[in-house]
Amino acid sequence: MTTAPDDVAAAVLAAIRGRRVVRALTDEPVDTAQLEAVLDAARWAPTAGNRHLQRFVATVDPRVLRVLRMVSPGMIQRPTAVVVVCIDRARAVAYGFRPDIPGLSVDVGTATATMLLAAHALGLGAGPVTSFSKAAVATVLGLPEGWTPELIVCLGHPADQQPAPMRPGSRVTWRDLTRWVPPADAPAT
Ligand SMILES: Cc1cc2nc3c(=O)[nH]c(=O)nc-3n(C[C@H](O)[C@H](O)[C@H](O)COP(=O)(O)O)c2cc1C
């Protein structure tokens with residue numbers, strides 16, 4: 001295994017810390033090359049069994065975006081591009097997986113986190129949305145049989161003014177989230 005140089009490590013960690021969900025976007029379109037770079041980043045995300053059972057449906061079509069917003073109460077922003085992260089459950093079954101194994105949802109998360117970070121690195125604003133009608137989104141996008149829409153990554157250019165974060169002040173520290181085994185304050189044996 002190679003170790004990243006200090007400046008690369010610092011830049012990656014700064015990007016991880018600096019990324020925030022962006023819910024106010026301008027009308028400026030997302031450049032195709034940038035959208036493709038976000039999609040390309042997603043394919044590097046780890047997947048269960050390295051099966052790559054996530055599918056990505058990308059659109060910049062204003063009519064499709066408008067309808068997606070209508071069926072997505074959680075979509076506060078007006079994105080100029082979206083990537084809908086789907087699971088190919090038919091292919092999962094063909095691989096011998098149960099169509100509802102938890103790893104498939106984890107794959108949605110790894111791809112989403114990777115895309116959010118890539119978008120941030122490219123200077124785009126991005127935010128995940130899971131509050132939407134799956135049936136409506138599947139119909140609007142004309143998803144193939146066996147694909148289920150799981151999460152929408154909204155993309156665009158950040159507006160100058162952003163709404164207040166949800167539950168401001170709730171940021172937790174890594175210590176709040178972590179438990180050492182054996183306990184960190186336990187006497188050494
Ligand atoms: C699984 C998942 C679902 C989410 N769904 C929505 C959503 O429907 N609408 C929304 O505005 N934000 C959604 N979010 C974004 C979170 O609200 C956001 O990450 C959180 O408020 C912390 O903000 P930050 O990522 O900027 O630190 C979702 C995040 C995750 C991980």
Next on the checklist: Give me the percent of accessible area attributable to carbon and sulfur for the chain, probe 1.4 angstrom.
Outcome noted: 59 percent
Checklist entry - On full extension of the chain, what length is gained from residue 28 through residue 176, given 0.36 nm per residue of separation minus the C-alpha to C-alpha distance? => result 49.4 nm
Item to check | Counted charge near residue 116, where neighbours are those whose Cβ lies closer than 12 Å (Asp, Glu -1; Lys, Arg +1) | outcome: +2
Checklist outcome for this item: Sorted on mean Cβ neighbours within 10 Å (highest first), peptides 124-130, 31-37, 73-79 come out as 124-130, 73-79, 31-37
Next on the checklist: I'd like the chymotrypsin sites (Phe, Trp or Tyr not before Pro) in segment 119-188 restricted to DSSP loop residues with at most 12 other Cβ atoms within 10 Å, sorted by number.
Outcome noted: 180
Checklist entry - Summing Lys, Arg as +1 and Asp, Glu as -1, what charge do residues with Cβ under 12 Å from the Cβ of residue 140 carry, residue 140 excluded? => result +3
Checklist outcome for this item: The summed charge of the residue 56 Cβ neighbourhood (under 13 Å; Lys/Arg +1, Asp/Glu -1) stands at -3
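How large is the accessible surface per residue of the chain, computed with a 1.4 Å probe and reported in Å² as a whole number?
On the way: 11750 Å² over 189 residues.
For the chain, the per-residue accessible area is 62 Å².
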Next on the checklist: Between residue 63 and residue 166, what's the calculated FRET efficiency when r is the beta-carbon distance and R0 is 30 Å? Round to 0.05.
Outcome noted: 0.55
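The values are calculated or read from the model by the stated rules, or taken from the named source; none is laboratory data. Predicted model only: the values in this text are computed from it and were never measured. Using ideal geometry, Cβ is built from the backbone for each residue, glycine included, and neighbour counts are taken over all protein chains shown. Just so you know, the surface numbers come from the protein's heavy atoms only, side chains and all, with ligands and any DNA or RNA stripped out. Shrake-Rupley method; radii C 1.70, N 1.55, O 1.52, S 1.80 Å.
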